Amino acid sequence: MGILGDIGVFSFGRDKIISSVFGGAVVTKNKQIIQRLMIAERDLVVPPGAFTQQQLQYLVIYALALPVYNLFLGKGLLWLSRRLGLLSQAVYERECRGEKPFFLTYRFSLQLAPLLLQQFRKLPKFIKHRKSIANIYIENLGLNYPIMPYLRVPVIVKDKNATLAAAKRKGIHLGNWYRGAIDPPHSDGAALNYTPCPQAESLAQQTINLPTHINISRSDALKIAEFIKKSSYEKP
């Protein structure tokens, strides 16, 4: 810290390297910035109990839904949970309009702290696992990537939509995140002061992301790599 920047910002949201479903942290050695952060922290409020409950319910609902996600039951459970307000949204509509989300005024919930501490204790295991899974993709697909604990391993394919559809039919969940330079695609670019970035936009339309999370086993990774081999993908 202090070599490449004055502040490190870390997200502990869902799908991150370590996750407490919601929250984050700021790290800095700059005393002036520390003072400003401490002043800003005084204005933060304890999140409502209902909001914290949504984050805790996320863990239970997804634990039930993911094993049967490729069946109607898993998707139906997630859809119903969202409709009933049992889950908070990953991205709120006001964010897509360039407006600040309501939760920016919330402190980190003490009820989520045990989850985060547990994740920190497992961090070495998570890093080792992600590197191992990434290495399977890299070796089997001939990717010229360094071995790192990737959150996801990007691969450029000829027909992204066709590849995702084929993966879905085979029970391989690759997700549809990173569909544009700004995601979700319906975000208001003008409100976000977005200026065209042709290269990023083009790559987003061609890139799929291979999962490395703790629930991806070695056999899962080999199955995914074999599937990608049969697709039209580019070796960097």
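Below are the figures for this structure:
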| quantity | calculated |
| --- | --- |
| Cα long-axis angle, helix 72-83 against the chain (0 to 90 degrees, to the nearest 10) | 20 |
| Helix axis angle, 31-42 relative to the chain longest principal axis, alpha carbon, degrees | 80 |
| Cα coordinate range in segment 139-178, projected on the principal axes (Å, largest first) | 30, 19, 19 |
| At q = 0.12 Å⁻¹, base-10 log of I(q)/I(0) for segment 123-234 (Debye sum, equal scatterers on each alpha carbon) | -0.46 |
| For the chain, size of Cβ-based charge dipole, Lys and Arg +1, Asp and Glu -1, in debye | 680 |
| Calculated FRET efficiency for the pair His173/Val26, C-beta based, R₀ 25 Å, to 0.05 | 0.15 |
| Hull volume in cubic angstrom per residue (convex hull over the Cα atoms of the chain) | 162 |
| Ascending count of other beta-carbon atoms within 10 Å, so fewest first, for His129, His173, His186 | His186, His173, His129 |
| Kirkwood Rh, Cα atoms: Rg over Rh of segment 7-105 | 1.06 |
| Relative contact order, percent, segment 1-41 [alpha-carbon distance under 8 Å, six or more residues apart] | 34 |
| Mean Cβ neighbour count within 10 Å, used as a protection proxy, ranking 19-27, 83-91, 35-43, 216-224 highest first | 19-27, 216-224, 83-91, 35-43 |
| Entries of Lys75/Lys170; Lys128/Lys229; Lys158/Lys230; Lys131/Lys170; Lys31/Lys100; Lys125/Lys229 with Cα pairs more than 22 Å apart | Lys128/Lys229; Lys131/Lys170; Lys31/Lys100; Lys125/Lys229 |
| Leu203 paired with Val46, simple spin-label distance in nm, labels 7 Å along Cα-to-beta-carbon | 4.5 |
| Angle in degrees between helix 49-65 and the longest Cα principal axis of the chain, rounded to the nearest 10 | 20 |
| Model label zone, Ala63; criterion: amide N under 18 Å from point 7 Å along Cα-to-beta-carbon; scope segment 201-236 | 214-216 |
| Length released on extending from Leu80 to Ile39, taking residue separation times 0.36 nm less the Cα-Cα span | 10.7 nm |
| Label-point gap, in nm, between Arg218 and Lys158 - each point 7 angstrom along Cα→Cβ | 3.3 |
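Only the coordinates and a few stated rules stand behind these numbers; no lab work does. Note that the coordinates shown come from a computational prediction; the quantities given were computed from them, not determined experimentally. Ideal geometry is used to build each Cβ from the backbone, glycine not excepted, and the neighbour counts take in all protein chains shown.
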